[in-house]
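The values are calculated or read from the model by the stated rules, or taken from the named source; none is laboratory data. What you see is a predicted model; the values in this text were computed from it and never measured. Here the Cβ is made from the backbone with ideal geometry for all residues, glycine too, and neighbour counts use every protein chain on show. The accessibility values were calculated without ligands, DNA or RNA, using every heavy atom of the protein model including side chains. Shrake-Rupley method; radii C 1.70, N 1.55, O 1.52, S 1.80 Å.
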Amino acid sequence: MNVLSAQRGVVKSVVAESGRVLQVGHMKRFDAGLQSARAFISEEMGQLLALKAWYCDSTHRYELTDAAQPLIVRSGTAKRPARDPKADLLQYYMLAHGSHLLDTARYLDGEILEVQARFSERFGAYCWFIDVAFDNGALGHLDLTIPVRMDWHEGFQIYGENGSVIGKTYNPWLYKTSDVDIFHESTGTTTRVLSLDGHFYRRQLEGFAATILDAAPMRGADVDDGIASVRAMVAVAQSVRSGKAVRLAGASGSV
């Protein structure tokens, strides 16, 4: 048993013994566009062939967020972490952004079996290209690039036996549902869900509350999903260091 497997057992035991409900903050699972893609994949797509997904933050993201969000009032007595989380950008970008990309890939295409990653850093931009082998036999390619010299660029393409899905996801602070076009091979038609409620942070809290108060099924990421995200990030980091493919079951080291 490696260290990650041991830690997984400890985390699951702590959650079980607490008697509490744990939900991981992967809010993109509450984007109605991604939910429509998952439903199509589960009910109609048949066998999955491949997934391509990308998550690219923008050099201009703070211009957008400053306009979209209330200005933060800061206190001189505010408590801060002992360590600046952005001191190591290689780790910070993977934890803050790569976690969402990897969870989206798992949410749509299933468990990740193996990754092989390449990394490049130039002119202050960080880029990971990650080849993925899914447990169901599908192939995947993930692109995590931060920041790109353009607008926020995030989305995915999925190819399957009975159709395909193309999705465009927006900067989360816009509270805008992803544009997800689903092509149905059986009818030769393309559909797109219309959801004007793009506040997936609130939707995530509502789903969490329903699970706690009404024993509704967990629609968010549970403890196993959170552990899988960490394991995938560790595997990517190990693959970058070694230059080899790494199976998640045997991943070790730090993010």
Computing the accessible area with a 1.4 Å probe over protein heavy atoms, can you report the carbon and sulfur percentage for segment 71-200?
55
Between Ser254 and Ala82, the two model label points (7 Å from Cα along the beta-carbon direction) sit apart by a distance in nm of 1.4
Based on Cβ point charges of +1 for Lys and Arg and -1 for Asp and Glu, what charge dipole magnitude is obtained for the chain about its Cα centre, in debye rounded to the nearest 20?
960
Kindly list the residues of segment 48-65 that lie in the label zone of Arg149, defined by a backbone N under 12 Å from the point 7 Å along the Cα-to-C-beta vector.
59
Cα convex hull of segment 143-208, projected area averaged across orientations, nm²
6.3
Estimated FRET transfer efficiency when R0 is 41 angstrom, pair Ala96-Thr189 (beta carbons, to 0.05)
0.60
Residue farthest toward the positive end of the dipole of segment 113-202, with Cβ of Lys/Arg at +1 and Asp/Glu at -1: which of Val115, Leu144, Gly163?
Leu144
Translational diffusion coefficient of segment 30-161 at 20 °C, 1.002 mPa s, Stokes-Einstein with Kirkwood Rh over Cα pairs, in µm²/s as a whole number.
128
Peptide ranges 246-254, 92-100 listed from the most packed, as the mean C-beta count within 10 angstrom indicates:
92-100, 246-254
Would you grab the residues whose amide H sits under 5 Å from the one on Tyr126? Only those 5+ places off in sequence or on another chain, please, with H modelled 1.01 Å from N.
Ile146
Under 20 Å from a label point 7 Å along Cα→Cβ of Ser242: give me every residue in segment 90-113 with its amide N that close.
91, 112-113
Volume of the Cα convex hull of segment 137-255, divided per residue and given in Å³:
185
Suppose each label sits 7 Å from its Cα in the direction of the beta carbon; what would the Glu44-Asp179 distance come out to in nanometres?
2.0
For segment 201-244, whose charge dipole is built from +1 on Lys and Arg Cβ atoms and -1 on Asp and Glu Cβ atoms, the candidate among Ser229, Gln204, Ser239 with its Cα farthest towards the positive end is Ser239
Probe 1.4 Å, protein heavy atoms only - accessible area per residue of the chain in square angstrom
55
Relative contact order for the chain, counting Cα pairs under 8 Å that sit 6 or more residues apart, in percent
29
Mind checking the log10 I(q)/I(0) for the chain at q = 0.15 Å⁻¹? Debye, one equal scatterer per Cα, no solvent, two decimals.
-1.25
As an exercise, use a Förster radius of 25 Å and the Cβ-Cβ distance of Arg74 and Arg202 to find the FRET efficiency, rounded to the nearest 0.05.
0.55
Once normalised by the length of segment 160-255, the mean sequence separation of its alpha carbon contacts under 8 Å that are 6 or more apart gives a contact order in percent of 15
Heavy atoms only, probe 1.4 Å: what % of the accessible area of segment 208-255 goes to carbon and sulfur, would you let me know?
59
